[in-house]
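In what follows, a structure is listed as C-alpha coordinates, so that the remarks can point back to it.
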Amino acid sequence: MTSTNRSVIITGNWKMYKTIEESVAFVKELIPLIQGSPAHVYLAVPFTAIQSVAKAAKESPLVIGAQNMNDASEGAFTGEIAGKMLVDAGAKFVILGHSERRRLFRETNNFINKKVKRALLDGLKVILCIGETRDQRDSEKTHEVLKAQLEEGLEGISSEQLENVILAYEPVWAIGMPQAAGADVAEEAQAYCRKILSEKWGEKPAEQMVIQYGGSVKPDNAKEFLDQPDIDGLLVGGASLSVAEFSKIINCYNSSYVEGI
Ligand code: PGA
(Lines give C-alpha, C1' and ligand atoms only; values in the text may rest on other atoms or scores of the structure.)
Protein backbone atom coordinates (compact mmCIF):
# COMPACT_ATOMS: atom_id res chain seq x y z
CA MET A 1 0.00 0.00 0.00
CA THR A 2 1.12 3.50 -0.82
CA SER A 3 3.09 5.42 1.77
CA THR A 4 1.59 8.77 0.66
CA ASN A 5 -1.64 10.22 1.98
CA ARG A 6 -3.82 9.30 -0.95
CA SER A 7 -7.39 8.31 -0.09
CA VAL A 8 -8.61 4.89 -1.08
CA ILE A 9 -11.77 5.10 -3.17
CA ILE A 10 -13.81 2.03 -4.06
CA THR A 11 -16.45 2.66 -6.71
CA GLY A 12 -19.30 0.43 -7.82
CA ASN A 13 -20.39 0.81 -11.45
CA TRP A 14 -23.84 -0.69 -11.88
CA LYS A 15 -23.98 -0.14 -15.65
CA MET A 16 -27.52 -0.72 -17.02
CA TYR A 17 -28.81 -2.72 -14.08
CA LYS A 18 -31.35 -2.17 -11.27
CA THR A 19 -34.71 -0.45 -10.97
CA ILE A 20 -35.26 2.38 -8.48
CA GLU A 21 -36.75 -0.03 -5.95
CA GLU A 22 -33.87 -2.49 -6.27
CA SER A 23 -31.33 0.34 -6.01
CA VAL A 24 -32.79 1.77 -2.80
CA ALA A 25 -33.08 -1.69 -1.21
CA PHE A 26 -29.42 -2.34 -2.12
CA VAL A 27 -28.03 0.79 -0.45
CA LYS A 28 -30.16 0.28 2.67
CA GLU A 29 -28.66 -3.20 3.01
CA LEU A 30 -25.12 -2.09 2.15
CA ILE A 31 -24.77 0.92 4.47
CA PRO A 32 -24.75 -0.97 7.82
CA LEU A 33 -22.25 -3.51 6.41
CA ILE A 34 -19.64 -0.86 5.59
CA GLN A 35 -20.01 1.41 8.61
CA GLY A 36 -16.62 2.57 9.80
CA SER A 37 -14.80 1.54 6.62
CA PRO A 38 -11.70 3.67 6.08
CA ALA A 39 -12.34 3.50 2.30
CA HIS A 40 -14.40 6.13 0.51
CA VAL A 41 -17.24 4.32 -1.21
CA TYR A 42 -18.77 5.65 -4.41
CA LEU A 43 -21.68 4.17 -6.32
CA ALA A 44 -22.47 4.99 -9.98
CA VAL A 45 -26.13 4.13 -10.45
CA PRO A 46 -28.54 4.45 -13.41
CA PHE A 47 -29.84 8.00 -14.05
CA THR A 48 -33.35 7.03 -12.96
CA ALA A 49 -32.17 5.92 -9.52
CA ILE A 50 -29.83 8.81 -8.65
CA GLN A 51 -32.35 10.92 -6.77
CA SER A 52 -33.89 8.10 -4.69
CA VAL A 53 -30.54 6.50 -3.91
CA ALA A 54 -28.95 9.83 -2.97
CA LYS A 55 -31.85 10.38 -0.55
CA ALA A 56 -31.52 6.87 0.92
CA ALA A 57 -27.74 7.37 1.36
CA LYS A 58 -28.04 10.89 2.80
CA GLU A 59 -26.90 10.17 6.36
CA SER A 60 -24.23 7.71 5.18
CA PRO A 61 -20.72 8.12 3.81
CA LEU A 62 -21.82 6.60 0.50
CA VAL A 63 -21.23 8.98 -2.45
CA ILE A 64 -23.69 8.68 -5.34
CA GLY A 65 -22.87 9.46 -8.97
CA ALA A 66 -23.68 8.81 -12.62
CA GLN A 67 -22.11 6.81 -15.45
CA ASN A 68 -22.14 9.36 -18.28
CA MET A 69 -23.24 12.85 -19.31
CA ASN A 70 -23.24 15.18 -22.32
CA ASP A 71 -20.61 17.84 -22.90
CA ALA A 72 -23.12 20.68 -23.42
CA SER A 73 -24.64 22.64 -20.55
CA GLU A 74 -28.12 22.20 -22.06
CA GLY A 75 -29.75 22.25 -25.49
CA ALA A 76 -31.58 20.36 -28.21
CA PHE A 77 -29.90 16.98 -27.68
CA THR A 78 -32.71 14.45 -27.55
CA GLY A 79 -32.04 11.66 -25.11
CA GLU A 80 -28.94 13.23 -23.56
CA ILE A 81 -28.38 14.35 -19.97
CA ALA A 82 -26.55 17.43 -18.66
CA GLY A 83 -24.12 17.57 -15.77
CA LYS A 84 -26.22 20.12 -13.93
CA MET A 85 -29.20 17.74 -14.13
CA LEU A 86 -27.08 15.08 -12.45
CA VAL A 87 -26.09 17.53 -9.73
CA ASP A 88 -29.74 18.50 -9.33
CA ALA A 89 -30.63 14.83 -8.77
CA GLY A 90 -27.93 14.45 -6.10
CA ALA A 91 -24.94 13.13 -8.05
CA LYS A 92 -21.49 14.10 -6.78
CA PHE A 93 -19.40 12.45 -9.49
CA VAL A 94 -19.60 11.02 -12.99
CA ILE A 95 -17.71 8.20 -14.71
CA LEU A 96 -16.39 9.33 -18.11
CA GLY A 97 -14.54 7.51 -20.86
CA HIS A 98 -15.56 4.00 -19.82
CA SER A 99 -14.39 1.49 -22.43
CA GLU A 100 -17.99 0.48 -23.14
CA ARG A 101 -18.72 4.08 -24.14
CA ARG A 102 -15.52 4.31 -26.19
CA ARG A 103 -16.18 1.02 -27.96
CA LEU A 104 -19.97 0.83 -28.32
CA PHE A 105 -20.74 4.54 -28.66
CA ARG A 106 -17.57 5.61 -30.48
CA GLU A 107 -16.50 8.16 -27.89
CA THR A 108 -13.12 9.70 -28.67
CA ASN A 109 -10.52 11.20 -26.35
CA ASN A 110 -11.46 14.62 -27.66
CA PHE A 111 -15.18 14.20 -26.88
CA ILE A 112 -14.38 12.74 -23.48
CA ASN A 113 -12.15 15.75 -22.79
CA LYS A 114 -15.10 18.08 -23.48
CA LYS A 115 -17.22 16.11 -21.05
CA VAL A 116 -14.48 16.20 -18.40
CA LYS A 117 -14.32 19.98 -18.69
CA ARG A 118 -18.10 20.35 -18.47
CA ALA A 119 -18.41 18.00 -15.51
CA LEU A 120 -15.75 19.90 -13.55
CA LEU A 121 -17.46 23.23 -14.40
CA ASP A 122 -20.74 21.77 -13.14
CA GLY A 123 -19.11 20.81 -9.84
CA LEU A 124 -18.94 17.06 -10.38
CA LYS A 125 -15.91 14.95 -9.59
CA VAL A 126 -14.80 12.88 -12.57
CA ILE A 127 -13.68 9.27 -12.69
CA LEU A 128 -11.83 9.10 -16.01
CA CYS A 129 -11.43 5.56 -17.32
CA ILE A 130 -8.48 4.61 -19.49
CA GLY A 131 -7.11 1.28 -20.66
CA GLU A 132 -5.79 -0.67 -23.60
CA THR A 133 -7.44 -3.46 -25.59
CA ARG A 134 -5.97 -6.98 -25.89
CA ASP A 135 -4.67 -6.21 -29.39
CA GLN A 136 -3.01 -3.01 -28.22
CA ARG A 137 -1.31 -4.85 -25.36
CA ASP A 138 -0.20 -7.70 -27.62
CA SER A 139 1.31 -5.25 -30.10
CA GLU A 140 3.12 -3.44 -27.26
CA LYS A 141 1.10 -0.26 -27.61
CA THR A 142 -0.14 -0.11 -24.01
CA HIS A 143 2.00 2.86 -22.96
CA GLU A 144 1.26 4.77 -26.15
CA VAL A 145 -2.51 4.27 -25.71
CA LEU A 146 -2.49 5.21 -22.01
CA LYS A 147 -0.41 8.32 -22.71
CA ALA A 148 -2.82 9.51 -25.45
CA GLN A 149 -5.92 8.76 -23.36
CA LEU A 150 -4.43 10.68 -20.44
CA GLU A 151 -2.99 13.63 -22.31
CA GLU A 152 -5.93 14.08 -24.68
CA GLY A 153 -8.60 13.22 -22.12
CA LEU A 154 -7.19 15.73 -19.64
CA GLU A 155 -6.06 18.35 -22.16
CA GLY A 156 -6.49 21.87 -20.78
CA ILE A 157 -7.20 20.66 -17.22
CA SER A 158 -5.20 22.60 -14.63
CA SER A 159 -3.37 20.96 -11.74
CA GLU A 160 -5.96 22.52 -9.36
CA GLN A 161 -8.78 20.97 -11.38
CA LEU A 162 -6.99 17.61 -11.26
CA GLU A 163 -7.84 17.49 -7.54
CA ASN A 164 -11.38 16.63 -8.64
CA VAL A 165 -10.29 13.92 -11.06
CA ILE A 166 -9.85 10.26 -10.20
CA LEU A 167 -8.32 7.90 -12.74
CA ALA A 168 -9.45 4.35 -13.32
CA TYR A 169 -7.07 2.06 -15.17
CA GLU A 170 -9.25 -0.60 -16.74
CA PRO A 171 -7.54 -2.90 -19.22
CA VAL A 172 -10.38 -3.62 -21.65
CA TRP A 173 -9.36 -7.28 -21.90
CA ALA A 174 -9.91 -7.75 -18.16
CA ILE A 175 -13.43 -6.28 -17.93
CA GLY A 176 -16.25 -8.73 -17.26
CA MET A 177 -13.91 -11.74 -17.40
CA PRO A 178 -13.50 -14.78 -15.15
CA GLN A 179 -9.93 -13.60 -14.50
CA ALA A 180 -8.69 -10.09 -13.63
CA ALA A 181 -5.37 -8.64 -14.82
CA GLY A 182 -2.42 -9.64 -12.64
CA ALA A 183 -1.83 -7.14 -9.84
CA ASP A 184 1.75 -6.71 -11.13
CA VAL A 185 0.48 -5.88 -14.64
CA ALA A 186 -1.95 -3.30 -13.24
CA GLU A 187 0.73 -1.83 -10.97
CA GLU A 188 3.14 -1.39 -13.88
CA ALA A 189 0.51 0.40 -15.99
CA GLN A 190 -0.63 2.59 -13.11
CA ALA A 191 2.91 3.59 -12.17
CA TYR A 192 3.37 4.54 -15.82
CA CYS A 193 0.20 6.71 -15.70
CA ARG A 194 1.55 8.46 -12.62
CA LYS A 195 4.81 9.13 -14.47
CA ILE A 196 2.91 10.71 -17.39
CA LEU A 197 0.89 12.83 -14.97
CA SER A 198 4.09 13.93 -13.28
CA GLU A 199 5.75 14.88 -16.58
CA LYS A 200 2.76 16.91 -17.73
CA TRP A 201 1.25 18.33 -14.51
CA GLY A 202 4.11 18.08 -12.04
CA GLU A 203 5.10 15.79 -9.22
CA LYS A 204 2.60 16.96 -6.61
CA PRO A 205 -0.63 16.48 -8.64
CA ALA A 206 0.73 13.13 -9.83
CA GLU A 207 1.46 12.01 -6.26
CA GLN A 208 -2.00 13.11 -5.11
CA MET A 209 -3.95 11.48 -7.93
CA VAL A 210 -6.10 8.53 -6.87
CA ILE A 211 -5.74 5.79 -9.48
CA GLN A 212 -8.21 2.92 -9.28
CA TYR A 213 -7.87 -0.48 -10.89
CA GLY A 214 -10.92 -1.92 -12.64
CA GLY A 215 -11.57 -5.18 -14.46
CA SER A 216 -13.07 -8.30 -12.83
CA VAL A 217 -12.38 -7.22 -9.25
CA LYS A 218 -13.86 -9.78 -6.85
CA PRO A 219 -13.69 -10.32 -3.08
CA ASP A 220 -10.85 -12.84 -3.53
CA ASN A 221 -8.54 -10.59 -5.57
CA ALA A 222 -9.35 -7.10 -4.23
CA LYS A 223 -6.66 -7.16 -1.55
CA GLU A 224 -3.93 -8.10 -4.01
CA PHE A 225 -4.67 -4.93 -5.99
CA LEU A 226 -4.95 -2.69 -2.94
CA ASP A 227 -1.55 -3.95 -1.76
CA GLN A 228 0.14 -2.31 -4.77
CA PRO A 229 1.80 1.09 -4.25
CA ASP A 230 0.14 2.79 -7.23
CA ILE A 231 -3.32 1.27 -6.84
CA ASP A 232 -5.44 3.53 -4.65
CA GLY A 233 -8.82 2.01 -5.11
CA LEU A 234 -11.03 -0.15 -7.28
CA LEU A 235 -13.70 0.31 -9.93
CA VAL A 236 -16.01 -2.65 -9.59
CA GLY A 237 -18.62 -3.63 -12.19
CA GLY A 238 -20.28 -7.04 -11.90
CA ALA A 239 -19.38 -7.67 -8.26
CA SER A 240 -20.89 -4.32 -7.21
CA LEU A 241 -24.35 -5.62 -8.11
CA SER A 242 -24.31 -7.96 -5.10
CA VAL A 243 -24.41 -6.50 -1.58
CA ALA A 244 -22.50 -9.50 -0.24
CA GLU A 245 -19.67 -9.28 -2.80
CA PHE A 246 -19.40 -5.50 -2.87
CA SER A 247 -19.32 -5.21 0.94
CA LYS A 248 -16.61 -7.89 1.11
CA ILE A 249 -14.52 -5.98 -1.43
CA ILE A 250 -14.93 -2.73 0.53
CA ASN A 251 -14.08 -4.47 3.78
CA CYS A 252 -10.84 -5.84 2.30
CA TYR A 253 -9.54 -2.35 2.88
CA ASN A 254 -9.56 -2.39 6.64
CA SER A 255 -7.78 -0.93 9.64
CA SER A 256 -4.62 -2.97 8.96
CA TYR A 257 -3.90 -0.70 5.99
CA VAL A 258 -4.60 2.47 7.90
CA GLU A 259 -2.47 1.45 10.87
CA GLY A 260 0.23 0.24 8.50
CA ILE A 261 0.37 -3.24 10.07
P1 PGA B 1 -16.18 -5.70 -14.12
O2 PGA B 1 -16.45 -4.24 -14.74
O3 PGA B 1 -15.81 -5.51 -12.66
O4 PGA B 1 -17.51 -6.40 -14.28
O5 PGA B 1 -15.09 -6.31 -14.90
C6 PGA B 1 -15.59 -3.16 -14.44
C7 PGA B 1 -16.05 -1.96 -15.21
O8 PGA B 1 -16.47 -2.11 -16.37
O9 PGA B 1 -16.00 -0.82 -14.70
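The values are calculated or read from the model by the stated rules, or taken from the named source; none is laboratory data. Here the structure is a predicted model, which is why all the values come from computation and not from measurement. When we count neighbours, we look across all protein chains shown, and the Cβ atoms used for this are built from the backbone with ideal geometry, even at glycine. The area values use the complete protein model at the heavy-atom level, side chains included, leaving out ligands, DNA and RNA. Shrake-Rupley method; radii C 1.70, N 1.55, O 1.52, S 1.80 Å.
Check off (1) touching a helix residue (DSSP H, G or I) at 6+ places or on another chain (Cβ under 7 Å); (2) open to solvent by less than 40 Å² (accessible area, probe 1.4 Å) for THR48 and give me the number that stays unchecked.
Failing condition for THR48: (2).
Can you tell me which condition TYR213 does not meet? The list is (1) within 16 Å of the ligand (Cβ to nearest atom); (2) closer than 30 Å to VAL87 by Cβ; (3) touching a Cys at 6+ places or on another chain (Cβ under 7 Å); (4) not small (Gly, Ala, Ser), and all the others hold.
(3)
Can you name the number of the only condition in (1) part of a strand (DSSP E or B); (2) aliphatic (A, V, I, L, M); (3) within 16 Å of the ligand (Cβ to nearest atom) that MET16 fails?
It fails just one condition, (1).
Residues in the range 71-98 that are open to solvent by 100 Å² or more (accessible area, probe 1.4 Å) and among the polar types (S, T, N, Q): how many?
1
Per-residue answers, yes or no, for (1) farther than 28 Å from VAL24 by Cα; (2) polar (S, T, N, Q); (3) assigned to a loop (DSSP other than H, G, I, E, B):
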site: GLY156; (1), (2), (3): yes, no, yes
site: SER159; (1), (2), (3): yes, yes, yes
site: TRP173; (1), (2), (3): yes, no, no
site: VAL185; (1), (2), (3): yes, no, no
site: PRO205; (1), (2), (3): yes, no, no
site: SER216; (1), (2), (3): no, yes, yes
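Return only the number of the condition from (1) in a loop (DSSP other than H, G, I, E, B); (2) at negative phi; (3) of a type outside the set (Val, Ile, Thr) that GLU21 does not satisfy.
(1)
Looking at the structure I just gave you, is ALA119 among the aliphatic types (A, V, I, L, M), surrounded by fewer than 17 Cβ atoms within 10 Å (Cβ to Cβ) and either assigned to a helix (DSSP H, G or I) or over 18 Å from the mean Cα position of the chain (by Cα) (or both)?
Answer is no for this residue.
Going by the structure shown, is LEU167 in a helix (DSSP H, G or I) and in contact with a Cys (Cβ under 8 Å, 6 or more places away or on another chain)?
No.
Yes/no per residue for (1) within 25 Å of VAL8 (Cα to Cα); (2) touching a residue at least 12 places away in the same chain (Cβ under 8 Å); (3) not aliphatic (A, V, I, L, M):
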position: LEU62; (1), (2), (3): yes, yes, no
position: ASN68; (1), (2), (3): yes, yes, yes
position: GLU74; (1), (2), (3): no, no, yes
position: GLY79; (1), (2), (3): no, no, yes
position: ALA91; (1), (2), (3): yes, yes, no
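From (1) within 16 Å of the ligand (Cβ to nearest atom); (2) over 15 Å from the mean Cα position of the chain (by Cα); (3) surrounded by 20 or more Cβ atoms within 10 Å (Cβ to Cβ), pick out the condition that doesn't hold for PHE105.
(3) is the only condition that PHE105 fails.
Please verify whether ALA189 is more than 13 Å from the ligand (Cβ to nearest atom), over 21 Å from LEU124 (Cα atoms) and in contact with an Asp or Glu (Cβ under 6 Å, 6 or more places away or on another chain), treating the condition exactly as stated.
The answer is no for ALA189.
The conditions are (1) within 16 Å of the ligand (Cβ to nearest atom); (2) among the basic types (Lys, Arg); (3) under 20 Å from ILE9 (Cβ atoms), and LYS125 fails exactly one of them. Which is it?
Looking at each condition in turn, LYS125 falls short on (1).
Can you tell me which residue within the range 69-92, out of those that are under 15 Å from LYS117 (Cβ atoms) and not in a helix (DSSP H, G or I), is farthest from the ligand (Cβ to nearest atom)?
SER73
Please list, ordered by first then second residue, the pairs with beta carbon atoms under 9 Å, 6 or more apart or interchain, first in the range 189-217 and more than 18 Å from SER7 (Cβ to Cβ), second polar (S, T, N, Q) and open to solvent by 10 Å² or more (accessible area, probe 1.4 Å).
As it stands, the answer is ALA189/THR142; ALA191/GLN228; TYR192/THR142; TRP201/SER158; TRP201/SER159; GLY202/SER159; SER216/GLN179, since those pairs meet every condition given.
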